[in-house]
Every structure is written in C-alpha cells, then in structure tokens.
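One structure is given below, represented as structure tokens, and several questions about it will come after.
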Amino acid sequence: MIKLSGIRKTFGKQEVLKGIDLIVEQGDVVAILGPSGSGKTTLLRCINYLERPNEGEVAINQLKVNVKRASKQDIHTLRKKTAMVFQNYNLFKHKTALENVMEGLVIVQKLPKRQARELAVQALEKVGLGGKLDEYPSRLSGGQQQRVGIARALALNPEVILFDEPTSALDPELVGEVLAVIRKIAGEGITMIIVTHEMAFARDVASHVVFMDGGVVVEEGPPHQLFGTPKEERTRQFLKRSIQEWSYSI
Amino acid sequence: MGRRFEFGYILEFIPKLLDYLQITLLIVAASIALGLIVGLIVALPRMYHIPVLKRISAVYVSFFRGTPVLIQLFLIYYGLPELLKGLSIDASKVPVLAFVILTYGLHSGAFISEAIRAAVGAVDRGQVEAAYAIGMSGFEAFTRIVLPQAAAVSLPVFANLVIANLKDTSLAFTLGVMEMTGKSQTLGMTTQHFIEVYIALSLIYFVVSMILERLFLLAERRMLKYQPELAGHTSKKRLLQGLFLPQFKKGGEQA
Ligand SMILES: Nc1ncnc2c1ncn2[C@@H]1O[C@H](COP(=O)(O)OP(=O)(O)O)[C@@H](O)[C@H]1O
Ligand SMILES: [Mg+2]
C-alpha cells in the first residue's frame, strides 16, 4: 500500500500542493486527472523525492518517509521501490534500448550482467521491442522510446510505477501503441499511478480516479462514479470541457 | 640575414628536429593529463556552487585564460622557486621541464574546466532525474550518465585545446628547454639557414596537428555513435573554425 499524508509543496511564494492525502492499494491503477498547472506532476515527483515536499509523509508498505526526518538513505530506498515513466521519456541517450533497461538492474540492484540482460530482454519483449535491443534512442520513434521507458521501469520490478502523462509528447498516431502497452501491464497486477489526459483510457483502465485542481484533491472514486455521477461542480466542469475537446479532436 | 636558401637543408633538418618531437609530445601529454585533473577539480566547486572555493576557481580560470601563456611560463619558472624559498623548500634542482609541464597543465586546466562546465551544463536535466528515479546515487548518475555524454559533446572543444597546447609548447624554448623549437634555434644558429629550419619546423607541427585532428575526429565518431548526426555536424563546424579562427577560440564556452 502507498499512503501519502499531508503533502505540501511550495515553489517560492506559490503553494502548488496544499496538503494531499492519497491511498493506493496494492495492484491499484490510479489515474490522476486535472487541468494543467494543478500540481499533478509535482505530486508524482514528491513521491520519489525528485521534489522534496515541504511537509508530509510518503509511505510505501513498511517504509515511511516523513520529510522532517527524511535521510539520504530513506530517499534512496524510496527511489529503489518506485520507478518513473517521464513525459519526454528521458532515456539515457548514450545507451541502447537494452542498456537503458539493464542500467538500473546492474548498477542499482547489483544483479549479475547475464541475469540483468535476461530480465531486460524479457521487459523489452513485453513492450514489443524485442527486435530493437541494440538501437540507440535517437533511432527510435517517440512511441518506441516511451515503450523502452516503460520497459526500464517494469524491469526493476518496483512496488509502484509512476507515469507522468506518458503519451502527451507523442504524435497522435503513436499514442495507441503506448496506451496498449500500459493497458497490458495494468492487467498484470502492478501498482500504477498515472497522470493522464486520456479520458477514455482512464475510464477503461483505472481502478480508481483522482481529480486534482489548484493543488488539492477535489474528488476521487471509482471511474464509473467519477465519470458518471461526479459530485463536485469543478469536476463536472472539467469533464465537460475535456470531453468536448476530445470529441472536437476526432 | 643568414645564407642563401637551399632546399636540401629542409630535408636535412626534418629528421634532426624529429629527434626532439618526443619532448614536445611529452609536454603536451603530461600537461593535458595534468590539465584534465586540475580542470575537473576546478570545475566541481562551480558546478555544485560551493561557496569560497567557487570564487577561487573563478579567479584561477580568469587568470590563466586572461594572461599570455608566455608570461605564465616566466611567472612560474622564476616566481615559484622564490615562493617556495619563502617556505624554505629548495626548488633549484627541479628540472626546467617540470616547470614547463606545470605551467601548461595549469593553463589548459583553466580551459578544460570551462569546457567541462559548459558540457555538463548542456546535458539535459532529465537525464539526471531518470538516473535518480531508478535509484542511482549522485556519484553514479554523474559518472555513468552525465560524464560520458558531456565528454562526447565536448570532444571538439577538447581537440582544439590539445592542438593549441601543441603549438603553445613552442614557447618553452624561451626557458631553454630543448624541444623542437629550441632545437631549431640552435640548428639555425650553427648553419645560418634559418628559413629552411623554420619551414621544416612548421611542416612537422602541421603534420602532427593534422594527425591529432584526424584521431579526434575518429574518437568523436566513436563516442557519438549514439547520435551520428551530431558528430557530423560538430566536426564540420570545427574544421571551419580551425581554418578561419585558429587562435581566438581555444575552448570554454560552446553553445
Ligand atoms: N521547479 C519549479 N519551479 C517553480 N515552479 C514550478 C516548478 N515546477 C512546477 N511549478 C509550478 O507549479 C505549478 C504546478 O505544476 P505541475 O505540477 O507541473 O502541474 P501539472 O503537472 O498539473 O500541469 C505550476 O504553476 C508550475 O508553474
Ligand atoms: Mg504535468
């Protein structure tokens, strides 16, 4: 179980997260929705301490990291238990697809090279890139790069994978292949937190949906409830706008 | 002004000068090695914003970039022993060559530290974040992710630096070091065929520079094989720079 309690984050004078509480059960797929600037990325980055919160606690199963007492070791452990898929992929440019996936296994998890290679090949095959092991990121399409990014996260076998708008940097025709891969691994029981603007995807794949606005969680619940019978006016407004945009774009 | 020009002397002088090429190359290799160490040490406080040390680094870099290397040679050769005498250390038995290597090492260290800073700054922040996100330490992220990428993109600048250093070593003769240029002085004096000696000398420098240039180009292609289009681009730019702006841009700021 992942439990965030009272996460606050300010940049300068601007309070971006105003005390976020969130519980994610083992095997949950949580979709986080919200207008741009509402603090979704910052929240994900507070979970693995790419941003250090000003207040609050991040707990992953037994490990509890409160910002007041967070040691270097705590942060390191937190990062080893999580993996992240970035909006703009952030693959290691100077490493091949295979090396990108092996890097964490060899350097962080200290697995022997052969075993790391096996696991990495498996992960890349799972995302449909078994034929691109030795390609450098610069030679892959955006969709392929993001699938390597997913394989890199998957291979580490983390307790949760954090996705930050994994398809929003992609050309429209490449979105489908990445969503299909996420959908597939969601079916395998891996805990995931996904920030996304893909409404249909969130409705179909998520087990729990969170709507954020202005640094707070406005409303959360199972997808049929949040999409079907939203309680809050702000949620209704947001959904209305998103679904309009969504149908215009077709 | 010496004797009448005779082509044959050029051919005669080349092997005589080549005997001293190894001293020149020794100065280049040793001072670049020293410069790499110094450059990294000097770059770190400025990249990690360490107070005081950051200031000292900045002063060091401005001094060695802002004054002629010839003056630096004199200052270190004549000044350092005086300074050491004050600390009652006797430097009179230290060979001149050591002072020369030290000067060129400190000199290129200043340029190398600027090149490192620029190249590390050019590495996308997302690369480090991805490294942290998979659980790497700061040291692992720097050595495994940032440094290889920074080294690859700064190779053209580094190549310019090494070639500039090669040419600068010719000034070591002013302290009486017998490297190629020093030898050319004595050859000129004894034969009175100065023009021939200088033609032979420049031919050797030119060929060595060309060889270095080619080697760096190959190295760059290898190191940038993850982004071949980048390698082609920078090396073409570098060749043009080398042709038209040989002395002005020795390193430092790129992009
Ligand atoms: N490193 C930063 N420094 C200053 N302000 C930031 C930083 N990161 C995010 N912000 C600000 O915090 C707010 C929330 O950003 P973000 O978490 O990226 O929102 P979202 O992902 O929901 O679009 C925005 O107003 C953004 O400008
Ligand atoms: Mg965002």
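The values are calculated or read from the model by the stated rules, or taken from the named source; none is laboratory data. Please read all numbers here as calculations on a predicted model, not as lab measurements. Cβ sites come from the backbone with ideal geometry, for glycine too, and all protein chains shown count toward neighbours.
Of all residues in region A:197-234 being at pLDDT 95 or above and β-branched (Val, Ile, Thr), which is nearest to A:VAL30 (Cα to Cα)?
This residue is A:VAL209.
Can you tell me which residue within region A:72-96, out of those that are charged (D, E, K, R) and either more than 7 Å from chain B (Cβ to nearest Cβ) or within 16 Å of ligand 1 (Cβ to nearest atom) (or both), is surrounded by the most Cβ atoms within 10 Å (Cβ to Cβ)?
Step one: list which residues in region A:72-96 are charged (D, E, K, R), which gives A:72, A:74, A:79-81, A:93, A:95.
After this cut, where a residue has to be either more than 7 Å from chain B (Cβ to nearest Cβ) or within 16 Å of ligand 1 (Cβ to nearest atom) (or both) as well, the list is A:72, A:74, A:81, A:95.
Values: A:LYS72: 9, A:ASP74: 17, A:LYS81: 17, A:LYS95: 20.
This residue is A:LYS95.
Among the residues of region A:113-131, is there at least one that is part of a loop (DSSP other than H, G, I, E, B), within 16 Å of ligand 2 (Cβ to nearest atom) and not aliphatic (A, V, I, L, M)? Outline the logic, then answer.
Residues of region A:113-131 that are part of a loop (DSSP other than H, G, I, E, B), as a first pass: A:127-131.
If we keep only those that are within 16 Å of ligand 2 (Cβ to nearest atom) as well, we get none.
Scanning region A:113-131 turns up no residue that is part of a loop (DSSP other than H, G, I, E, B), within 16 Å of ligand 2 (Cβ to nearest atom) and not aliphatic (A, V, I, L, M).
Would region A:74-88 turn up any residue that is more than 13 Å from ligand 2 (Cβ to nearest atom), at positive phi and not in a helix (DSSP H, G or I)?
no
Follow-up question, since we're still on this one. Only residues that are part of a strand (DSSP E or B) and over 19 Å from the mean Cα position of the chain (by Cα): list them for region A:10-29, please. Steps first, please.
Let us first name the residues in region A:10-29 that are part of a strand (DSSP E or B), namely A:10-11, A:14-24, A:29.
Scanning region A:10-29 gives A:THR10, A:PHE11, A:GLN14, A:GLU15, A:LYS18, A:GLY19.
Still on this structure, please answer the following. Report the residue count in region A:25-66 for those that are touching a helix residue (DSSP H, G or I) at 6+ places or on another chain (Cβ under 7 Å) and within 11 Å of ligand 1 (Cβ to nearest atom).
6
On the basis of being within 16 Å of ligand 2 (Cβ to nearest atom), modelled with pLDDT of 95 or more and small (Gly, Ala, Ser), does A:ALA97 make the cut? Don't jump to the end; show me each part of the working.
On the way: within 16 Å of ligand 2 (Cβ to nearest atom): no; modelled with pLDDT of 95 or more: yes; small (Gly, Ala, Ser): yes.
Against the criterion (within 16 Å of ligand 2 (Cβ to nearest atom), modelled with pLDDT of 95 or more and small (Gly, Ala, Ser)), A:ALA97 does not qualify.
If you don't mind, another one. Out of contact with any Ser or Thr (no Cβ under 8 Å at 6 or more places or on another chain), within 14 Å of chain B (Cβ to nearest Cβ) and more than 29 Å from A:LEU174 (Cβ to Cβ): which single residue out of A:ARG52, A:ARG69, A:ARG45 fits that description?
None of the other options fit; the residue is A:ARG52.
Pick out the one residue from B:MET178, B:MET136 that is outside any helix (DSSP H, G or I), touching a helix residue (DSSP H, G or I) at 6+ places or on another chain (Cβ under 9 Å) and touching a residue at least 40 places away in the same chain (Cβ under 8 Å). Break it down stepwise before answering.
Working: B:MET136 fails: touching a residue at least 40 places away in the same chain (Cβ under 8 Å).
None of the other options fit; the residue is B:MET178.
If you don't mind, there's one more thing I want to ask. Among residues belonging to region A:1-24 that are buried (at least 18 other Cβ atoms within 10 Å of the Cβ) and within 14 Å of ligand 1 (Cβ to nearest atom), point out the one that is nearest to A:HIS208 (Cα to Cα).
Top of the filtered list is A:ILE20.
Scan region B:104-119 and give yes if some residue there is within 14 Å of chain A (Cβ to nearest Cβ) and closer than 24 Å to B:LEU34 by Cα, otherwise no. Before the answer, list the steps.
Here is the first cut: in region B:104-119, the residues within 14 Å of chain A (Cβ to nearest Cβ) are B:119.
Pick out the ones that are also closer than 24 Å to B:LEU34 by Cα and you get B:119.
Looking for residues that are within 14 Å of chain A (Cβ to nearest Cβ) and closer than 24 Å to B:LEU34 by Cα, one finds at least one in region B:104-119, hence yes.
All but one of (1) within 16 Å of ligand 2 (Cβ to nearest atom); (2) over 17 Å from A:ALA151 (Cα atoms); (3) of a type in the set (Val, Ile, Thr) hold for A:VAL67, so report the exception by its number.
(1)
A:PRO112 is checked against (1) touching a Pro at 6+ places or on another chain (Cβ under 9 Å); (2) more than 16 Å from ligand 1 (Cβ to nearest atom) and fails just one. What number does that condition carry?
So A:PRO112 meets the others, but not (1).
Right, something else. Is it the case, given these coordinates, that B:GLY138 is modelled with pLDDT of 95 or more, surrounded by fewer than 18 Cβ atoms within 10 Å (Cβ to Cβ) and within 14 Å of chain A (Cβ to nearest Cβ)? Quick ask: steps written out before the conclusion?
Details: modelled with pLDDT of 95 or more: no; surrounded by fewer than 18 Cβ atoms within 10 Å (Cβ to Cβ): yes; within 14 Å of chain A (Cβ to nearest Cβ): yes.
Here the answer is no, as B:GLY138 does not meet what is asked.
Quick check: is even one residue across region A:37-49 away from ligand 2 (no atom under 16 Å from the Cβ) and surrounded by fewer than 18 Cβ atoms within 10 Å (Cβ to Cβ)?
Taking region A:37-49 and keeping what is away from ligand 2 (no atom under 16 Å from the Cβ), we get A:49.
Narrowing the set further to residues that are surrounded by fewer than 18 Cβ atoms within 10 Å (Cβ to Cβ) leaves none.
Looking through region A:37-49, none of the residues is away from ligand 2 (no atom under 16 Å from the Cβ) and surrounded by fewer than 18 Cβ atoms within 10 Å (Cβ to Cβ).
Residue-wise test of (1) more than 14 Å from every other protein chain (Cβ to nearest Cβ); (2) more than 30 Å from B:ALA150 (Cβ to Cβ); (3) basic (Lys, Arg).
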| residue | (1), (2), (3) |
| --- | --- |
| B:THR191 | yes, yes, no |
| B:ILE195 | yes, yes, no |
| B:ALA200 | yes, yes, no |
| B:TYR205 | yes, no, no |
| B:ALA219 | yes, no, no |
| B:LEU224 | no, no, no |
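If the requirement is being buried (at least 17 other Cβ atoms within 10 Å of the Cβ), over 14 Å from the mean Cα position of the chain (by Cα) and modelled with pLDDT under 95, which of these qualifies: B:LEU83, B:LEU97, B:LEU87? I'd like the intermediate steps shown before the answer.
Numbers: B:LEU83 fails: buried (at least 17 other Cβ atoms within 10 Å of the Cβ); B:LEU87 fails: buried (at least 17 other Cβ atoms within 10 Å of the Cβ).
Only one candidate qualifies: B:LEU97.
Taking only pairs six or more apart or across chains, which ones have beta-carbon atoms under 6 Å, a first residue in region A:7-19 that is hydroxyl-bearing (Ser, Thr, Tyr), and a second residue that is more than 15 Å from ligand 2 (Cβ to nearest atom) and assigned to a loop (DSSP other than H, G, I, E, B)?
Hits for this filter: A:THR10/A:ASN54.
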